[in-house]
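I have placed the structure first, in the form of structure tokens, so that the comments after it can refer back to it.
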Amino acid sequence: MTSSGDRSQAVDVQEPKTYEVRTYGCQMNVHDSERLSGLLEGAGFVRAPEGSDGDADVVVFNTCAVRENADNRLYGNLGRLAPMKTKRPGMQIAVGGCLAQKDRDTIVKKAPWVDVVFGTHNIGKLPVLLERARVQEEAQVEIAESLEAFPSTLPTRRESAYAAWVSISVGCNNTCTFCIVPALRGKEKDRRTGDILAEIEALVGEGVSEVTLLGQNVNAYGSDIGDREAFSKLLRACGRIEGLERVRFTSPHPRDFTDDVIAAMAETPNVMPQLHMPLQSGSDPVLKAMRRSYRQDRYLGIIEKVRAAIPHAAITTDIIVGFPGETEEDFEQTMHVAREARFSAAFTFQYSKRPGTPAATMENQVPKEVVQARYERLVALQEQISWDENKKQVGRTLELMVAEGEGRKDGATHRLSGRAPDNRLVHFTKPDQEVRPGDVVTVEVTYAAPHHLLAEGAVLDVRRTRAGDAWEKRNAAEAPKPAGVMLGLPKIGAPEPLPVATGSGCGCD
């Protein structure tokens, strides 16, 4: 007879619960999803394997509300998960983001199998709400009316080891008639400069070599603290951080794009020669109806100053076609600005009603077939301009930061891909020596297409970096690598040029 001390005791070892985050919309949502992932992992969850497609213990939808059919897209996806949840006891579904902030209780009324609904101001509550829903066995809907904690105070599961978003403000003080974001994100709230720089320094210490400063209206930074030059000062301060190789920002507003910002861009070596400057329309009457605070001359004046100070800058934009009341003459003014500005890429959107915005109820809505025809003309024009501008890059020698997952055909073509300082995407011949995402290569551009460049010759130089070391360390620790958050456009840095798309993201800056 064995004593109780000799008996083997069975231990019930439970597999950790898995999660999946599905993200729609703008850069702010992309960054919020990094926070949501960090919160869930801090609560003991692990990412579901790649291709799980809803087969996870917790599925979180981080939603966007700026498109007319955003709710149909959400409820369609929720409907597809309903039978999976029936077959999987304990599975939970959460909905957050802008559409959750707007629709609130409506979500659980239309989809009663949803467990948690949370808004843009209280993403930090997700783990608590999930646990409360599990214990109480009923849906939890909690929408805060104002920001409870700046997102940067929350844990983060960053998508890249070498490039990072850094939020400098949340909310927006503009009142554009086509945009619902200020109503859902609230008034602008600026983050303390010292906290921003401390986060960047910590990221650099972890191996990050590129940061993108993020805000709904990023260059209005300082309005909350009464300093109109706060953003240019922040850019210059970033230039003094040792080990930080590349600084980008998105998205600015022409109203707040002052000469001191242009000077800071030109005079700070690690601020990249790239600018995403939303136009929305080239017509002064339409800009007035949109409640945009600039006119065509002011916009083109900014472009001219940027080009004078930074000759090789790549400038991209957002344009809305078919805003209510837009005439053929108005549209021709947009075409005129596109010709004058010579954008390297333009994200063109067909106007669609955003429920809850003043524009949705305006008279003289433009017929769909007219909008489509104008849209196709603008895309064709911009396609040619993008191609012509890219052809100017042929023969140039560029330093590329090697990117992960940006060349869909890299495996078949035996190439790698990277981003030039101006954020153009370049596919280059894979060298004999190992090159990791985050490393820097020097190449000569040999061919230009409208949306990418090729460097078909031998790589001229490879510089192994701390960012590449960080990527290698992360992947060694995570092998086999778990699935990434299902992020929408844009990616790290300025969005990849896709001017033929019908639009994603807010388009509200």
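A few points about this structure:
- Verdict on I310 being buried (at least 21 other Cβ atoms within 10 Å of the Cβ) and within 30 Å of R419 (Cβ to Cβ): no
- From the list V435, V485, the lone residue that is modelled with pLDDT of 95 or more and more than 19 Å from G205 (Cα to Cα) is V435.
- Flag for R192 being open to solvent by 50 Å² or more (accessible area, probe 1.4 Å) and at pLDDT 95 or above: no
- Residue in region 360-377 that is at pLDDT below 95, within 26 Å of the chain's Cα centre (by Cα) and over 30 Å from A420 (Cβ atoms) present: yes
- Scan of region 276-319 for residues that are within 20 Å of C176 (Cβ to Cβ), hydrophobic (A, V, I, L, M, F, W, C) and under 21 Å from the mean Cα position of the chain (by Cα), ordered by number: M277, L279, I319
- Within region 195-222, residues that are at positive phi and in contact (Cβ under 8 Å) with a residue 60 or more places away in the chain reach partners that are surrounded by 23 or more Cβ atoms within 10 Å (Cβ to Cβ) and in a loop (DSSP other than H, G, I, E, B) with beta carbons closer than 8 Å, at six or more positions or on different chains, in the pairs G207/A161; G207/Y162; G207/G438.
- Whichever residue in region 271-307 is without any contact (Cβ under 8 Å) to a residue 12 or more places away in the chain and closer than 22 Å to N423 by Cα and, among such residues, is surrounded by the fewest Cβ atoms within 10 Å (Cβ to Cβ): E304
- Contact annotation: residue pairs with Cβ atoms under 8 Å, 6 or more positions apart or on different chains, pairing a residue in region 364-384 that is within 15 Å of D318 (Cα to Cα) with a partner that is open to solvent by 60 Å² or more (accessible area, probe 1.4 Å) and in a helix (DSSP H, G or I), are L381/R339.
- Selected residue (only one of G356, G322 is small (G, A, S), over 22 Å from the mean Cα position of the chain (by Cα) and open to solvent by less than 10 Å² (accessible area, probe 1.4 Å)): G322
- Within region 111-138, if we keep just the residues that are within 19 Å of G54 (Cα to Cα) and open to solvent by 10 Å² or more (accessible area, probe 1.4 Å), the residue that is nearest to the chain's Cα centre (by Cα) turns out to be P127.
- Positions within region 213-247 being among the aromatic types (F, W, Y) and in contact with a strand residue (DSSP E or B) (Cβ under 7 Å, 6 or more places away or on another chain), in sequence order: Y221
- Sole exception among (1) under 21 Å from the mean Cα position of the chain (by Cα); (2) surrounded by fewer than 16 Cβ atoms within 10 Å (Cβ to Cβ); (3) acidic (D, E) for E242, by number: (1)
- No other residue among A82, A43, A56 is touching a residue at least 24 places away in the same chain (Cβ under 8 Å) and open to solvent by 40 Å² or more (accessible area, probe 1.4 Å) apart from A43.
- Region 331-353, subset among the aromatic types (F, W, Y) and touching a residue at least 60 places away in the same chain (Cβ under 8 Å), residue surrounded by the most Cβ atoms within 10 Å (Cβ to Cβ): F347
- Within region 99-110, restricting attention to residues that are β-branched (V, I, T) and in contact with a strand residue (DSSP E or B) (Cβ under 8 Å, 6 or more places away or on another chain), the residue that is surrounded by the most Cβ atoms within 10 Å (Cβ to Cβ) is I107.
- The single condition from (1) open to solvent by less than 10 Å² (accessible area, probe 1.4 Å); (2) more than 19 Å from A309 (Cα to Cα); (3) under 25 Å from the mean Cα position of the chain (by Cα) that S223 fails is (1).
- Identification of helices (runs of 4 or more DSSP H) wholly contained in region 168-279 with 3 or more residues that are under 22 Å from I303 (Cα atoms) yields 230-238, 259-267.
- Residue identified as under 22 Å from E399 (Cα atoms) and open to solvent by less than 10 Å² (accessible area, probe 1.4 Å) among V208, V261: V208
- Residue list for region 430-452, restricted to those being part of a strand (DSSP E or B), surrounded by fewer than 18 Cβ atoms within 10 Å (Cβ to Cβ) and in contact with a Gly (Cβ under 9 Å, 6 or more places away or on another chain): E444
- A309 vs. criteria out of contact with any Ser or Thr (no Cβ under 7 Å at 6 or more places or on another chain) and farther than 28 Å from L398 by Cα: no
The values are calculated or read from the model by the stated rules, or taken from the named source; none is laboratory data. Note that the structure is a prediction, hence the values are computed from the model and not measured. Using ideal geometry, Cβ is built from the backbone for each residue, glycine included, and neighbour counts are taken over all protein chains shown. Quick note on the areas: whole protein, heavy atoms, side chains included, nothing else; ligands and nucleic acids left out. Shrake-Rupley method; radii C 1.70, N 1.55, O 1.52, S 1.80 Å.
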